[in-house]
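Everything on this sheet refers to the single structure shown next.
Just so it is clear, none of the values below were taken in a lab; they were calculated from the coordinates. Source: prediction; values computed, not measured. Positions of Cβ are backbone-derived with ideal geometry, glycine not excepted, and every protein chain shown enters the neighbour counts.
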Amino acid sequence: MSDHIVKIIPRDPLYLPPEQTLDVAKAYLEAHINSDGINISVNGSPVFVDCGSNLSEIFCPKCGKKLDYSWWQSAMSKAFEGEFMFLGTVAPCCGAAVSLNELCYHFPCGFARTRIEIYNPGQAVEDDILAPVQKILGTELRVIHAHL
Ligand SMILES: [Zn+2]
C-alpha cells in the first residue's frame, strides 16, 4: 500500500500565517480527522509542493494546451535560481504571461512557504473541514493529494 499525503497550502505562494495560527489549524485538523499524523512545515521562501507520482500532465491556464515537460523543467530551474520568489513566466504555446503557481497541474501542485501535511487521512478532506481551516489561517487554501 502506498502512502496518501494530503497537503494543504495557501493559494498565495508568499503567504505565511503566524506560527500560533498554524498551531490552531493543526489542532483543529487533529480533532476532526483520523490520520497517521499531521505535520507543519515552514520555509523562508516558497517551495514547490508536489503531488508525488500523481503529476502526469500540465496545461496552459490561458489556452488549455498541454505544456511540454522539458519547457516546464527549465522554467522551474530558472525560477528556482530566484528561490521561487518570482513565479512569472511566458507560456510557450500562446505567449501569455502566466505564473508557475497557476498552471493547470494534473493533479494539483503549488508553491508555498508553509504547508500542513496529513498522513493517510481516514476520510476525504473536503469543504466542511477546509472552510474552518481557511477561516483560522485567514487565507484561501489549495489541497494537494500526493501518493508516494
Ligand atoms: Zn497557452
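Computed values, structure above
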| quantity | calculated |
| --- | --- |
| Residue selected from segment 25-49 under the condition β-branched (Val, Ile, Thr) and surrounded by 14 or more Cβ atoms within 10 Å (Cβ to Cβ), by the criterion nearest to the chain's Cα centre (by Cα) | VAL49 |
| Residue in segment 56-69 that is away from the ligand (no atom under 16 Å from the Cβ) and basic (Lys, Arg) present | no |
| Selection within segment 114-143 - part of a strand (DSSP E or B) and surrounded by 16 or more Cβ atoms within 10 Å (Cβ to Cβ) | THR114, ARG115, ILE116, GLU117, ILE118, LEU141, ARG142, VAL143 |
| Flag if MET76 is free of Cβ contacts under 8 Å to residues at least 40 places away in the same chain, within 30 Å of TYR119 (Cβ to Cβ) and more than 14 Å from the ligand (Cβ to nearest atom) | yes |
| Segment 58-87, residues that are surrounded by fewer than 16 Cβ atoms within 10 Å (Cβ to Cβ) and under 13 Å from PRO46 (Cβ atoms) | MET76, PHE80, GLY82, GLU83, MET85, PHE86 |
| Condition met for GLY52 (small (Gly, Ala, Ser), away from the ligand (no atom under 11 Å from the Cβ) and surrounded by 12 or more Cβ atoms within 10 Å (Cβ to Cβ)) | yes |
